[in-house]
Amino acid sequence: DLTVNEGKIEFTNVSFQYPGTAEMVLEDISFKINPGETVAILGATGAGKTSLFQLIPRLYDVTGGIVKIDGHDVRKMKMENLRRKVGFVPQEALLFTGSVKENISWGKEDATMVEITAASVNAQIHETIMNLPQQYDTRVGQKGVNLSGGQKQRLSIARALVRMPKILLLDDSTSALDMKTEAKLLGALKEYTCTTLIITQKISTAIEADRILLLEDGKLLAEGDHDSLLKTSGLYKRIFQS
Ligand code: DGT
Ligand code: MG
């Protein structure tokens, strides 16, 4: 059946332009990601990283080529199943005025406290929550407690985890985390056995990943792990040394 089961992702000769525009944002991109793999997407601002992510849960459709999940063209899959199994943590964490608990279970109102807590532990935000005045009932947002950028990012990750996604897309969602917290987070995500794609501008994140895809100007310039890219990609080496 055409559902997301394992979380294998395959791009074949994918090109993309936003509807109504002439600019090619992605050009002839091909790669495969195995279930459970953690892959970092590295590239300068405007390289096309967020655009690439948007093609996976079909926020946009490809202009050319094909995106497959578990062997099926995403255009043939049920949108509801696709959106449920692909967790997309956006570049800007969007919290609303309400309790921490409500913010995490948003969109999955039947989530139990056990599920919410597990998601928070794995997102490395549980301890912070336990130190808030009313723990999970603490209000955040305008009239509530203000959270730091990194705390908001982790709440936003917990919100994605509570839905038990098979594919997790983190759009620069760890930019405000220190290296140690980030490493713990990526380790915990492995426990979820979900395929994790993480957009980053930080080499430290790329080093933690199983593999790195390097984007430049809408093209896939290189792929491999840290050690192999250091040998094969001049651009990667320059980013690493800068
Ligand atoms: P970042 O977030 O600054 O690190 O950059 P990326 O790598 O996420 O870049 P991305 O995919 O947001 O943008 C790639 C190109 O696509 C860039 O020329 C801006 C353009 N673009 C992005 N979002 C939209 C959109 O919603 N509509 C149109 N027409 N163009 C967009
Ligand atoms: Mg972006």
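A few points about this structure:
- Per the conditions (1) aliphatic (A, V, I, L, M); (2) more than 16 Å from ligand 2 (Cβ to nearest atom); (3) in a loop (DSSP other than H, G, I, E, B), the sole criterion not satisfied by Ile66 is (3).
- Restricting the first member to the stretch 2-15 and to residues that are closer than 20 Å to Ser30 by Cα and in contact (Cβ under 8 Å) with a residue 40 or more places away in the chain, and the second to residues that are in a loop (DSSP other than H, G, I, E, B) and among the hydroxyl-bearing types (Ser, Thr, Tyr), the beta-carbon pairs closer than 7 Å and six or more apart or on different chains are Ser15/Thr63.
- Tally of residues being open to solvent by less than 50 Å² (accessible area, probe 1.4 Å) and either closer than 25 Å to Ala222 by Cβ or among the hydrophobic types (A, V, I, L, M, F, W, C) (or both) across the stretch 40-92: 25
- Pick from the stretch 93-123, criterion open to solvent by 40 Å² or more (accessible area, probe 1.4 Å) and over 26 Å from Asn5 (Cα atoms), ranking: nearest to ligand 2 (Cβ to nearest atom): Leu94
- For the stretch 19-43, a tally of residues being touching a residue at least 12 places away in the same chain (Cβ under 8 Å) and near ligand 1 (Cβ under 7 Å from one of its atoms) returns 2.
- Test result for Ile104, within 13 Å of ligand 1 (Cβ to nearest atom), of a type in the set (Val, Ile, Thr) and either modelled with pLDDT of 95 or more or not in a helix (DSSP H, G or I) (or both): no
- Subset of the stretch 16-36 that is open to solvent by less than 30 Å² (accessible area, probe 1.4 Å) and assigned to a loop (DSSP other than H, G, I, E, B) - its residue that is modelled with the highest pLDDT: Val25
The values are calculated or read from the model by the stated rules, or taken from the named source; none is laboratory data. This is a predicted model, so every value here is computed, not measured. As a convention, Cβ positions derive from the backbone with ideal geometry for all residues, glycine included, and neighbour counts pool all protein chains shown. Accessible surface areas use protein heavy atoms only, side chains included; no ligands, DNA or RNA. Shrake-Rupley method; radii C 1.70, N 1.55, O 1.52, S 1.80 Å.
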